[in-house]
Every structure is written in C-alpha cells, then in structure tokens.
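Notes follow once the structure below has been shown.
The values are calculated or read from the model by the stated rules, or taken from the named source; none is laboratory data. Computed from a predicted structure; not experimentally measured. Quick reminder, even Gly has a Cβ in these numbers, built from the backbone with ideal geometry, and neighbours come from all protein chains shown.
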Amino acid sequence: MQKELDFYLQHRKKLIAMHYVNFVIGWDMQTDAAENSILANSEQAAVISEMSYNLTTDPEYERSVGVLFKHRDELDEVLRHEIEVVYKDIQDTKKIPLDEYMAYSELTSQAYPIYVRAKNENNFELFRPYLEKIVEFCRKQTVWLQTSKVKGYDVLLDMYEPHYNQKKYDQFFKVLRKKLVPFVKRKTKKPVKVPKWATQTFEKEKQREFCEYIRDVMCFDKSRGIMKESEHPFTSGFGTDDVRITTHYYEDHLEYAIFSAIHEGGHATYEQQCDKSLNGTFSGGGASLGLHESQSRFYENIIGRSRAFWEVHYPKLQEIFAPKLNKVSLDQFVKYINRAEASFVRTEADELTYPLHIMLRYEIEQKVIAGELEVKDLPKYWNEKFTEYFGITPPTDTLGVLQDVHWAYGNFGYFPTYALGSAIAAQLYHHMNKDFDVEESLKEGTTKKINEWLRERVHKYGASKYPDEILRLATGEDFNPNYYVDYLIKKYSKK
Ligand code: ZN
C-alpha cells in the first residue's frame, strides 16, 4: 500500500496545483478582467481543462485510490475520510454512461442562454423542452447512482449535502409548514413602506469604507485575504491563507453591500479558521454547502441584524455618512434592516420569509423527480403553491417559476441546503449561548469570541468529516429544526 499512498500524495499535489490555476482564473474573470478578455472558449482554457481532465481520470490515480480505499482502516482519520469521498466520486462518475454525460453537458450549456431569454421575455414555453430533457437526465441519474440505502430524489440531495435525505428534510419542512406559514401570513399582512431616509444616495466610496471596517469587526485577517467587487457577491478560497470575498455597491441601497460583506465574511471566517494542517489536501474548506451557508447566515442574520450588533457599530455608520443618518435612530435603523414582507423573488426575500421560498422549491423538486409532476405543469403548480404559502400570486413566470437559474444548470437537490444552513445556524446559536452570552460579547467591538467558539466546534475540521458529524460534535445532538422556527418566531414577535 505504501507505493499507492506515495503515488496518491504526489498526484494530489498536481491536482491541487490545478485547482489553484482554476481558482485564480475564476477570480480574475469575475472581478478584474476586462469585458472582452474573457478566457472562456479560448485556446488556453481548452488546454487547461484538458489537463484537469487527464489528471482526474489518470488510471494510476484511480488504481491507487482503489487500493487505499480497500486498506482505509490503516490510514489516519483525516486521510481515511478523504479517500472515502474521493473513491465515491470516482465510482459515481464511472456509473454515468459517457455518451449520456457528453450529451447532457452540451444540453446544459445550450439551456443556459435559452433560460435567460425565457426569463427576460416571460416565456416558459421557450425553456420547457430544455427543462424536460434536463429533468429526464436527473431522473436517470437517480437510477445510475442509487445504492441500497440512497434512492430517488435522495441521490440528488446527497450530492449537495451528504447524509441529508428526504426523511430529514420532510421533518424540517413539516415544522416550517405547520408553525411558520401561519405566522408569516399574520406578520406580512400589511405592505412595508421603505422610509425616506433609506432612499438617499449613499456614496460607494463611503460604503466601501464601512465594509472595510466590518471586515475588522469580524477579525478577518487582511494579510490572508482580500475584498473586491463583482456583479454577484461570492467567496473563493485557496486554503486558509488566500481567502477572497466580493461585495457589490448600490448607491441607492445602503444595506445590500453591508449584509453581503457580512455574509461573505462569514464564509471567509470558516475558510480562514480551518486547521492549517489541512492545506494542500482535499480536506480543507467547508464540509458541505449547507454547513458553509450556516456560517454565512449566522453572521449575516443572527449577529449582523441584531440590535446588540448595531448598538456598537451604528455610530460608526452614522459618522461615515454624516449627516445623512443623524436623524435616524438606532431603533429605526434596526427595524428597517429586519422588515419582513411577502415577496415573489427568493434572492430578495427577508430572513423570515426566505425559508418558505425554499420549501416551495423542495416540494416541487420532490414531485418532479418522482415523476408525479411534469415540466409542462410547473408554472401553474408553482403559482398555486406560492399563493397558498404567501397569500400573493406571481403576476408573471419571470417572477415565478423562471426566477432561479439552478434548474437550467441541472442543479436539482441544491435548494434545500440554503434553508438547512439557516436552521443549522440557529441550532449553533442556541448552544453557543449556553457557553456564553453571545449578544453581550459583541460589546467588545468584534466577533472574536464567536469566531473562537466556531473555530473549535466547526471550522477547524474543514471538510475532514461529514457535515452531520460536525454538527453532532458541535452541539451534542442531531439536526433539530425547532431551534430555527423558535428563533424566528421569537425575533419577529417582538416587533
Ligand atoms: Zn452564501
């Protein structure tokens, strides 16, 4: 086995170097590169992707992983987990017939521009034939990849969040349907008026200054990461020592950049606080999409929208934008950033109504993959369910079934991780408060104490364990959605 282990460790270095190339290129294209310098479709991009492909499908690499998997009990804990994950990835890839895979890649690349047109023109029929083929592939995928334990829609869910299946999600969404839907209906009866002060012009440079201040509040180590601008905010990292975030400034929308910076700052804290020994392995970074999202949403919503946080930092915001916010009290500001209303678009939804948008998508995907709902019936079904949960009906498909890009990419099973992230955040918050008074700790001016707790309980493990296992280690219990619903109801009952 030693020979295979040596080969694996050497080959992993090459694969990780290739990740680095792709990470830097991806970052550059989304932040600094000029519009016409797009690398995609270039000769260089084709060479790089061929090199990546050859490295991942190298027969000797595959053979070594197979041998190591057989002898995994002799490996240390971190490497054992890594080999299990890598082995499963290789096996899963092999289960998909190559011709189907190639045809599908072509289909999704064709589907994207059609989807964009269909959305812009409010024309679901244009996108329908593509979506039908995508769904057909996803249904087949559940058969190719099924095991004795994981079948149907669970196959897709497991791809995005290992070990979370319909049984767990059903319990989660059942709690939401029962407790949250009626509460949201009561709370969002009256439309919310945007106060006049919030519609002033907030200069971009000043917003940037405040976002830089926020990075210090969150103890973001600026010697190991940067912040830039992009169309859609995101976090991208290479190990613990090169963690990059972006935000986007709208001069007529002050809160957008601030909460994007806090959200991405949460993702970045996770990446920066992984154990350094995991750098250069496949076990660094976040354990899953849901767990990553739990960190960003923890900082953004639970901490960043709390009164305790702004008690300390609102004076700084007022100072930077003086005199624009001089007459806006702390209470007015906190009320404004926590307003809740029924709205059509998921990405613009507030903290309270957000999970219901996800619940709707989850239920639809479940039916579609099971073959109980056909693509042609989607717009009608979407609008009926939407009306049932929110009490309002989308006036167009653009604001309804066509609003998200995920299905055009074939990402069925992805959405639930968004809501799971918020729910895990609330569970962690409950347990953190048992160890120390979280809001009280914010009076120190930074999130240092919170970061330390999360580093010890969650971040240090990186991706060296499954997300459900990390949650158990952190809280001493399995996933429990009640903390989340209780947190939301308590918070939004106060107002
Ligand atoms: Zn996020």
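Scanning the stretch 273-287 for residues that are away from the ligand (no atom under 12 Å from the Cβ), touching a helix residue (DSSP H, G or I) at 6+ places or on another chain (Cβ under 7 Å) and either free of Cβ contacts under 8 Å to residues at least 60 places away in the same chain or not aromatic (F, W, Y) (or both) yields Q273, C274, D275, G280, T281, S283, G284, G285, A287. Scanning the stretch 453-495 for residues that are in a helix (DSSP H, G or I) and over 22 Å from the mean Cα position of the chain (by Cα) yields a total of 6.
Residues in the stretch 10-55 that are at pLDDT below 90, in contact with a helix residue (DSSP H, G or I) (Cβ under 8 Å, 6 or more places away or on another chain) and of a type in the set (V, I, T) were compared, and the one that is farthest from V86 (Cα to Cα) is I38. Scan the stretch 388-402 for residues that are modelled with pLDDT of 95 or more and either of a type in the set (S, T, N, Q) or over 21 Å from E136 (Cα atoms) (or both) and the total you get is 8. Residues that are within 21 Å of S260 (Cα to Cα), at pLDDT 95 or above and of a type in the set (D, E) within the stretch 325-344 are absent altogether. Got at least one residue in the stretch 296-307 being closer than 21 Å to K222 by Cβ, surrounded by 17 or more Cβ atoms within 10 Å (Cβ to Cβ), in contact (Cβ under 8 Å) with a residue 12 or more places away in the chain and over 26 Å from the mean Cα position of the chain (by Cα)? No, there is no match, as no residue in the stretch 296-307 is closer than 21 Å to K222 by Cβ, surrounded by 17 or more Cβ atoms within 10 Å (Cβ to Cβ), in contact (Cβ under 8 Å) with a residue 12 or more places away in the chain and over 26 Å from the mean Cα position of the chain (by Cα). Just wondering, is there one or more residues in the stretch 207-214 that are among the basic types (K, R), more than 24 Å from S422 (Cα to Cα) and modelled with pLDDT of 95 or more? The answer is yes; a qualifying residue exists. Taken over the stretch 288-335, the criterion of being outside any helix (DSSP H, G or I) and within 16 Å of the ligand (Cβ to nearest atom) is satisfied by S288, G304, R305.
Are there strands (runs of 3 or more DSSP E) fully within the stretch 217-272 with at least 2 residues that are within 14 Å of the ligand (Cβ to nearest atom) and under 23 Å from K206 (Cβ atoms)? List them.
In the stretch 217-272, the matching strands (runs of 3 or more DSSP E) lie at 243-247.
This table checks each residue for (1) of a type in the set (F, W, Y); (2) surrounded by 15 or more Cβ atoms within 10 Å (Cβ to Cβ); (3) touching a strand residue (DSSP E or B) at 6+ places or on another chain (Cβ under 7 Å); (4) under 17 Å from L5 (Cα atoms).
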residue	(1), (2), (3), (4)
A33	no, no, no, no
E50	no, no, no, no
R63	no, no, no, yes
V67	no, yes, no, yes
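Kindly check whether there is at least one residue in the stretch 21-40 that is in contact (Cβ under 8 Å) with a residue 60 or more places away in the chain, assigned to a helix (DSSP H, G or I) and among the hydroxyl-bearing types (S, T, Y). No: zero hits. For the stretch 73-90, a tally of residues being loosely packed, with under 15 Cβ neighbours inside 10 Å and more than 26 Å from the chain's Cα centre (by Cα) returns 4.
Residues are listed down the side, and each one gets a yes or a no for (1) surrounded by fewer than 21 Cβ atoms within 10 Å (Cβ to Cβ); (2) in contact (Cβ under 8 Å) with a residue 40 or more places away in the chain:
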residue: D435; (1), (2): yes, no
residue: E452; (1), (2): yes, no
residue: P467; (1), (2): no, yes
residue: T475; (1), (2): yes, yes
residue: P481; (1), (2): no, yes
residue: Y487; (1), (2): yes, yes
residue: K490; (1), (2): yes, no
